[in-house]
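As structure tokens, the structure follows; a few thoughts come after it.
The values are calculated or read from the model by the stated rules, or taken from the named source; none is laboratory data. In this text, all values refer to a predicted model and were calculated from it rather than measured experimentally. So basically every Cβ, Gly included, is an ideal-geometry build from the backbone, and we count neighbours across all protein chains shown.
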Ligand code: UD1
């Protein structure tokens, strides 16, 4: 059996890693030769701090193949991935291609493999924000509509897929693969001194991440968020590892003066997995527009205010620590106050199968069904 695993953007590496660890274990049990896998990096993310550092942190060998596509418009980036990935599939003739998440690499590689008659598996299928202005939502819908194996993290995803007419035989509830990585590395991340290195105190700072196109590309929304952040920083110090896309737009829109030169806002480069996890574990709360961080904070029981109007991960709101605040200053500030007074959501729970064993379930299903 030959498997191709695809990753392209930062959050993908965290989701692919547990599959590689599990495949290595199975190779030993079944004696090598029975399962072969190739790890393909599309090159969608290419800066060391968006890509290379994750291989070091997650104990992963560098990818077998790097398509090296880099940044471009959606059409150019997606089509470059497709052209290069088709050559890989033709040469390698895999039995199955496994993709994760909702980035351009996910849809590009699924489309290529499906048209070549190669089976495909989508990990993190069925999530829907119902907001088609998000490029990720389009990637999710198309990937799910043509994949053969749909691995889901929660019951909502099952409902979404059935509503879209997906055959229930293709859907497998396996849990959340990001949490496999989180649980494996939590202790190691706790031992780091990242928050101290930045002069912060345990549970006495907020962690911010921001990169969603709807928040950062347009001046008005980015400015609104940065102004709210500035007010929060009067109450609690805030650390902000800045995504390259966000850094670019803060500069292009001339907004640096809102957050620069404030002692209580610490602007840093994007961090690797372990250092970021250390900041997340020790934070009083997290402000983010990321998808994965909404889930990681729920798994860690850390309060999370999501700077979006919608989420494809409603379970993190229903039973977890998450709340949607959009870019609405008053909602952001009211909930910050609640968190600071320890008056925020109590009784949060961790969703079913977010238990560290998702990759085992996925690999067993694939090996038994191909
Ligand atoms: C992508 C995903 C998004 C995911 C995010 C995680 C899509 C449509 N979006 O968004 O779902 O949450 O990754 O980070 O696939 N850049 C660099 N260096 C890099 C990568 C990007 O400088 O290593 C800059 C470039 O200016 C680039 C911009 O960031 O044009 C956007 O990068 P891209 O990968 O297209 O999208 P993200 O915003 O990172």
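Could you tell me whether residue 222 is surrounded by 20 or more Cβ atoms within 10 Å (Cβ to Cβ) and part of a strand (DSSP E or B)? It is false that residue 222 is surrounded by 20 or more Cβ atoms within 10 Å (Cβ to Cβ) and part of a strand (DSSP E or B).
Screening residue 359 against (1) outside the structural domain of residue 128 (by TED's automatic domain parsing); (2) within 19 Å of the chain's Cα centre (by Cα); (3) closer than 23 Å to residue 276 by Cα leaves a single unmet condition, (1). Restricting to the range 138-154, count the residues that are in a helix (DSSP H, G or I), touching a residue at least 24 places away in the same chain (Cβ under 8 Å) and touching a strand residue (DSSP E or B) at 6+ places or on another chain (Cβ under 8 Å). Residues in the range 138-154 being in a helix (DSSP H, G or I), touching a residue at least 24 places away in the same chain (Cβ under 8 Å) and touching a strand residue (DSSP E or B) at 6+ places or on another chain (Cβ under 8 Å): 2 in total. Inside the range 203-219, residues that are farther than 13 Å from residue 326 by Cα and without any contact (Cβ under 8 Å) to a residue 60 or more places away in the chain make up a count of 3. In the range 264-289, the residues that are without any contact (Cβ under 8 Å) to a residue 60 or more places away in the chain reach residues that are not in a helix (DSSP H, G or I) with C-beta atoms within less than 6 angstrom, at least six apart or across chains, in these pairs: 264/237; 265/238; 267/240; 267/242.
Number of residues in the range 200-234 that are within 16 Å of the ligand (Cβ to nearest atom) and touching a strand residue (DSSP E or B) at 6+ places or on another chain (Cβ under 8 Å): the value is 4. Screening the candidates 281, 302 for the property of being within 18 Å of the chain's Cα centre (by Cα), modelled with pLDDT of 95 or more, within 30 Å of residue 99 (Cβ to Cβ) and in a loop (DSSP other than H, G, I, E, B) yields one hit, 302. Residues in the range 110-138 that are surrounded by 24 or more Cβ atoms within 10 Å (Cβ to Cβ) and within 12 Å of the ligand (Cβ to nearest atom): 124, 127. Whether a residue is closer than 13 Å to residue 286 by Cα and in contact with a strand residue (DSSP E or B) (Cβ under 6 Å, 6 or more places away or on another chain) was assessed, and residue 340 does not pass this test. Between 158, 193, the distinction of being loosely packed, with under 14 Cβ neighbours inside 10 Å and either within 16 Å of the ligand (Cβ to nearest atom) or more than 18 Å from the chain's Cα centre (by Cα) (or both) belongs to 193 only.
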